[in-house]
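Worksheet: the structure to be examined is printed underneath.
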Amino acid sequence: MRALTDYRAEFPILSETTYLANHTLGAMPRKAAERLAEYATMWAERGIRSWAEGWWETPMRVGDQIGRIIGAPPGSTVMHQNVAIAEAIALSCFRPVDPARNRVVFERGNFPSVRYLYQAQPDLEVEVCEDDAEIVERIDERTLLVPISHVIFKQAEIQDVESIVRRAHEVGAHVILDCYQSAGIVPLDVTDLAVDFAVGGSVKWLCGGPGNGWLYVRPDLAERLEPTYTGWQAHERPFGFEEEMEYAAGATRFLTGTPNPAAHYAGTAGYDLIEEVGVSRIRENSLSQTQLLIDLADAAGFDVLSPRDPARRGGSVTIAVPEAAAVYAELETRGTLGDFRPGAGIRLGPHFFNTNDEIEHAVSQIIEIVETGAYARHIGIAAAH
């Protein structure tokens, strides 16, 4: 078994940057460039034949690789551009909406893209809850969908998914679990959780880059639901160019139009590494390093906004400091990358290839920036952004 530090050579950015931004954009694996070159070579040399020789099947083939990581059976996960599209496809299965069951219940900390989608629907009644316990209380026989985050993005707090799913199913509602901040860093089994749908992307812990969203559909639902947000790849015989829709079997019917094989080729480089290392091993390392972040922040007198309970903590730690936007802007100029989120603070997300020395360096830099006032030159600029 390779030591985790041996994987550092797989990520070029680590040679020049203290990279703790894996919760927002996972470091690019070296082999992603090779996979993109493979795609480009196919396009250049095989032309239209590339579709039959691999491109057309990438949403299903790469989806199955995601499925292995999240505990989904083969044929139940397909690739999409992003989570907003995946959620919209799931929602479309319930059109037209029954006025007697038109409520959508989710937490205030839900990612904005998901919130915007449901809030924009004139035939839905949206209930926004403060936490997972309130979600359970608010779900009733009028509830249609419960689109929740497995891990809340600002504070990296793991939600009590089991209780939410149990209550939703008691009243006939469906749960859509957003796994963007958990897949690849927190062990996840969508089959055991019994969620109806799961969505996510690869920009973060999966190190798969943009353009690689995905959608899991519980197999029994996939055989009977008919999404109205659809396209030709969802047809049983797409190259028959028939005038009427006949849905393909399984999760394939939840596809839309022409796929994005370039993104899928690039993404597999990250997925290969996640599968090789194993999410359980990644999680063990993550809990150790996020605890180190918390301990260092405590010692410096900074407020920690992420859960201290390991069972409730995701992969990143949010630290509140004075003038956090400006402090982070100065931190970035020094070659240490995390990110800043309004209403939260500075977020740092170490992955399996990061070292404790890098974490200690990042926090020491934050301390120095705060104590010396070096952030002052960024205050106006940071506020503008």
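The values are calculated or read from the model by the stated rules, or taken from the named source; none is laboratory data. Keep in mind the model is a prediction, meaning the values are calculated, not measured. So basically every Cβ, Gly included, is an ideal-geometry build from the backbone, and we count neighbours across all protein chains shown.
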Taking segment 30-66 as the region of interest, how many residues are within 23 Å of residue 238 (Cα to Cα) and part of a helix (DSSP H, G or I)? 18
Name the single residue, out of those in segment 34-77 being out of contact with any strand residue (DSSP E or B) (no Cβ under 6 Å at 6 or more places or on another chain) and among the β-branched types (Val, Ile, Thr), that is nearest to residue 177 (Cα to Cα). 70
Would you confirm, using the coordinates I've provided, whether residue 300 is modelled with pLDDT under 95 and either surrounded by 17 or more Cβ atoms within 10 Å (Cβ to Cβ) or not assigned by TED's automatic domain parsing to the domain that holds residue 159 (or both)? no
Restricting attention to segment 114-138, report how many residues are within 22 Å of residue 181 (Cβ to Cβ) and not in a strand (DSSP E or B). 13
Those residues of segment 192-225 which are free of Cβ contacts under 8 Å to residues at least 12 places away in the same chain and of a type outside the set (Asp, Glu) amount to 224
Please pick out the residue among 271, 265, 247 that is within 19 Å of residue 54 (Cβ to Cβ) and either at pLDDT below 95 or touching an Asp or Glu at 6+ places or on another chain (Cβ under 9 Å) (or both). 265
Those residues of segment 30-44 which are touching a Phe, Trp or Tyr at 6+ places or on another chain (Cβ under 7 Å) and among the hydroxyl-bearing types (Ser, Thr, Tyr), in sequence order: 39
Residues of segment 270-327 being in contact (Cβ under 8 Å) with a residue 40 or more places away in the chain, in a loop (DSSP other than H, G, I, E, B) and small (Gly, Ala, Ser), in sequence order, are 306, 314, 315, 316
Regarding segment 36-47, can at least one residue be identified that is at pLDDT 95 or above, within 30 Å of residue 156 (Cα to Cα) and assigned by TED's automatic domain parsing to the domain that holds residue 199? no
Keeping to segment 109-160, report how many residues are charged (D, E, K, R) and closer than 21 Å to residue 315 by Cβ. 5
Top-ranked residue in segment 93-146 [being more than 14 Å from residue 172 (Cβ to Cβ), among the small types (Gly, Ala, Ser) and over 21 Å from the mean Cα position of the chain (by Cα); ranked as surrounded by the most Cβ atoms within 10 Å (Cβ to Cβ)]: 133
From the list 328, 247, exactly one residue is in contact with a strand residue (DSSP E or B) (Cβ under 9 Å, 6 or more places away or on another chain), assigned by TED's automatic domain parsing to the domain that holds residue 358 and farther than 27 Å from residue 160 by Cα. Which is it? 328
Taking segment 39-68 only, how many residues are out of contact with any helix residue (DSSP H, G or I) (no Cβ under 6 Å at 6 or more places or on another chain) and within 27 Å of residue 14 (Cβ to Cβ)? 3
Which numbered condition in (1) more than 20 Å from residue 230 (Cα to Cα); (2) at pLDDT 95 or above is the only one that residue 120 fails? (1)
